[in-house]
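Read-outs throughout are calculated quantities, based only on the coordinates presented, and are distinct from any laboratory measurement. Fair warning: this is a prediction, and the values are worked out from it, not measured in the lab. Glycine gets a Cβ as well: all are built from the backbone with ideal geometry, and neighbour counts include every protein chain shown.
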């Protein structure tokens, strides 16, 4: 099953949908316009049932095959939300919303799944039921968890779930996947250091929180270099360093650090959390200061099930003639919550030579649409053949 000819015919329409979504990005759960458009199109396509408000602003569409002897139900998931980034593409369909843009290609993901839904409603060449899942708040809001917490899997009887993400640097329309742990757990921390403010010319009368915080930042890097097994993956990044003064002659009373920890192993995750706490509090004590650590577990490790991954790769090969082994990714992905509830697989589709995701000059490549849509359809038709 190569790229389906129907998607060459539908490409202008799907591209128009995608570019409209690109012009009107919405953040986290505030995908009200996007969700309404998705629901409207699913109705027009002839979905058998449409449910809105799952996971706050999520949308699910039910598409029944020509038969249901298998009694199988498969979920196909796309994310809808954008990022708080000021777009710098210069496109004629660039974001019209200040400080928001589709810098991760969720406009493309949504449009490709809509295209697949239209085709599946037209043909229904499968034995079972497809649930198309349109999820808000992937970019840090945990929309996948919200949809699962709303009972989505049990409500529709979903047995397996599949997801896809465009990937800059992978050749256009080609695929890559890996079984087992794929995307990292993504934790966050905030560290507040309290010392004794004072005049910059009299450091002996103060407890310099800038010096304390600097020591903590450097020491945190030893978690990966000296505490973790070198063959295991760990990233500790301090991404924000703010003092409570901007004056050149004041030693600040307080400093706030913020950062993230990325892991692919629960033991490493536990160790990293413990060491962040220890390093911050004990380093501060050494200088006579105090540190308060707020460490929050975020998205879990996204794990691809072996059987579903092999099948997803087989479908990808039937579309593009290949499916490469994907590298581990230290970014987080909240499809992980769905993959915890049901076996599934998450695949990468090539966006070609483009700016990286989360970059102000990034843009989804519309020429990837036929391959992505064909993969979605292949998942349904080949997993539940007539």
For this session: Consider just the alpha-carbon atoms of region 236-361 and return their Rg together with their Dmax, both in angstrom.
Result: 21.0, 66
Exercise. Which percent, nearest 5, of DSSP beta bridges in the chain are antiparallel?
Worked result: 65
Exercise. By how many degrees, 0 to 90 and rounded to 10, does the Cα axis of helix 306-320 deviate from the longest principal axis of the chain?
Worked result: 60
Problem set entry | Paramagnetic reach from residue 386 in region 40-79 [backbone N under 13 Å; point 7 Å along Cα→Cβ] | 65-69
Seminar exercise, completed: Under the 7 Å Cα-to-Cβ spin-label approximation, residue 328 and residue 278 lie apart by a distance in nanometres of 2.2
Seminar exercise, completed: A correct fewest-to-most ranking of 111, 35, 71 by other Cβ atoms within 10 Å would be 71, 35, 111
For this session: With everything on Cα atoms, drop me the angle between helix 32-45 and the longest principal axis of the chain, reported from 0 to 90° to the nearest 10.
Result: 10
Exercise. For helix 369-383, what angle does its Cα long axis make with the longest principal axis of the chain, in degrees from 0 to 90 and rounded to 10?
Worked result: 70
Seminar exercise, completed: For region 185-299, the convex hull over Cα atoms projects on average to an area in nm² of 6.8
For this session: First obtain the Kirkwood hydrodynamic radius of region 271-311 from its Cα pairs, then insert it into the Stokes-Einstein equation at 37 °C and 0.692 mPa s, and state the resulting D in µm² per second as a whole number.
Result: 251
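How much of the pair distance distribution for the chain lies past 41 Å, counting alpha-carbon pairs only, in percent? Write out the running numbers ahead of the final one.
Numbers: 16058 of 74305 pairs.
Value for the chain: 22 percent of Cα pairs lie more than 41 Å apart.
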For this session: Averaging sequence separations of C-alpha pairs under 8 Å and six or more residues apart, then dividing by the length of region 185-299, give the relative contact order as a whole percent.
Result: 43
Seminar exercise, completed: Under a Gaussian network model of the chain whose springs join Cα atoms within less than 10 Å, the largest fluctuation of 260, 245, 97 belongs to 245
Exercise. So how far, in whole Å, is the C-alpha centre of region 88-118 from the one of region 208-276?
Worked result: 34
Exercise. What's the extension gain from residue 214 to residue 8 if we count 0.36 nm per residue and subtract their Cα-Cα distance?
Worked result: 68.6 nm
Exercise. For labels at residue 297 and residue 239 in the simple 7 Å Cα→Cβ model, what's the distance in nm?
Worked result: 2.0
Exercise. Quick one: which of 9-15, 329-335, 304-310 comes out on top by average Cβ neighbours within 10 Å, and what's the full order, highest first?
Worked result: 329-335, 304-310, 9-15
For this session: Describe numerically, in nm with one decimal, the distance between label points set 7 Å from Cα along Cα→Cβ at residue 33 and at residue 226.
Result: 5.2
Problem set entry | Residues in region 60-76 that a label on residue 155 would reach, taking backbone N under 11 Å of a point 7 Å out along Cα→Cβ | 60-61
